[in-house]
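Asks: The following block contains the structure, expressed as structure tokens.
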Amino acid sequence: MTTAERTSVVGDVYIRQVDSASVAMFGDQQDANLHSRALALQRAIPVFNGDELRYASYRIFTLPLPSLPAEPDVLTVDNTHAHCIRVGSFQSVLVGASSLIRIGCGRSVAAESRIKHIRQDNRPTRLMEPEIRL
Amino acid sequence: MSLSQSTSLHVTNGPVNVGSIRIIGIVGSSSVLIGDTGQLTLYSYFDTPPESYVEGPLAPLPLLPEADLP
């Protein structure tokens, strides 16, 4: 499949943050291939000792992707006459974790994100707190 | 006879006009596309099971293997 070509006319854009293998694309592109992975460790007392974790310790990062059924054999005829894409205003606070914003034409988009979230209450145990006397 | 072999799809892409879009967040392999595209394949794994909440002074972390994933 060839990529259609269009002119993108964008009036006003506000994007505050684009992170973790994300793309904000204005105009045509071919293929987009986005991968990101994250270990999100949240602690009650925010004390961290550098590089503590390994992706290999968690199964989520090696789980196989579910397979999609094969594409049906369809004859596709595109009839695109290079019409313009006009966008008045676009606002987004965050584009993150292998996400894509595209105002324009493209061929294929493949994206994958894997996030493991751990919450740890690392406060001193309650046994050490003074007893409450009634 | 397979149904798919006789299927043909004619696509006519006209002009696109969008007034205004306001989004708070696009995360986790999401896409916002204004225009033409051929194929989309989006995967997102997000793991926060109940046992991911751990109480105590020791880190709930497995032993580190020798080598990390590439």
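The values are calculated or read from the model by the stated rules, or taken from the named source; none is laboratory data. Bear in mind the structure is a predicted one, so any value in this text is a computation, not a measurement. Note: ideal-geometry Cβ built from the backbone for every residue, glycine included; neighbour counts use all protein chains shown.
Asks: Looking at (1) more than 30 Å from B:Ile21 (Cβ to Cβ); (2) surrounded by 17 or more Cβ atoms within 10 Å (Cβ to Cβ); (3) not hydroxyl-bearing (Ser, Thr, Tyr), which is the only condition A:Gln42 fails?
Replies: (2)
Asks: Taking the residues in the range A:112-134 that are among the charged types (D, E, K, R) and at pLDDT below 75 as candidates, determine which candidate is farthest from B:Phe46 (Cα to Cα).
Replies: A:Arg133
Asks: Being modelled with pLDDT of 90 or more and either charged (D, E, K, R) or surrounded by fewer than 19 Cβ atoms within 10 Å (Cβ to Cβ) (or both) is the filter here, so list the residues in the range A:95-109 that pass it.
Replies: Result: A:Arg102, single match.
Asks: Still on this structure, I have one more. For the range A:63-114, give me every one of the strands (runs of 3 or more DSSP E) that falls completely inside it and has 3 or more residues that are within 7 Å of chain B (Cβ to nearest Cβ) and more than 22 Å from B:Ser30 (Cα to Cα). Give the derivation first.
Replies: Working: elements: A:75-80, A:85-95, A:100-103.
Per the criteria, A:75-80.
Asks: Would you tally the residues in the range A:1-29 being over 25 Å from B:Asn17 (Cβ atoms) and assigned to a loop (DSSP other than H, G, I, E, B)?
Replies: Residues in the range A:1-29 being over 25 Å from B:Asn17 (Cβ atoms) and assigned to a loop (DSSP other than H, G, I, E, B): 4 in total.
Asks: Going through the range A:29-63 one residue at a time, which ones are farther than 26 Å from A:Ile101 by Cα and touching a His at 6+ places or on another chain (Cβ under 9 Å)?
Replies: A:Leu41, A:Gln42, listed by residue number.
Asks: State all residues of the range A:33-62 that are under 30 Å from A:Ser108 (Cα atoms), aliphatic (A, V, I, L, M) and either without any contact (Cβ under 8 Å) to a residue 40 or more places away in the chain or facing chain B (nearest Cβ under 9 Å) (or both); if no residue qualifies, say none.
Replies: Within the range A:33-62, A:Leu34, A:Ala40, A:Ala56, A:Ile60 qualify.
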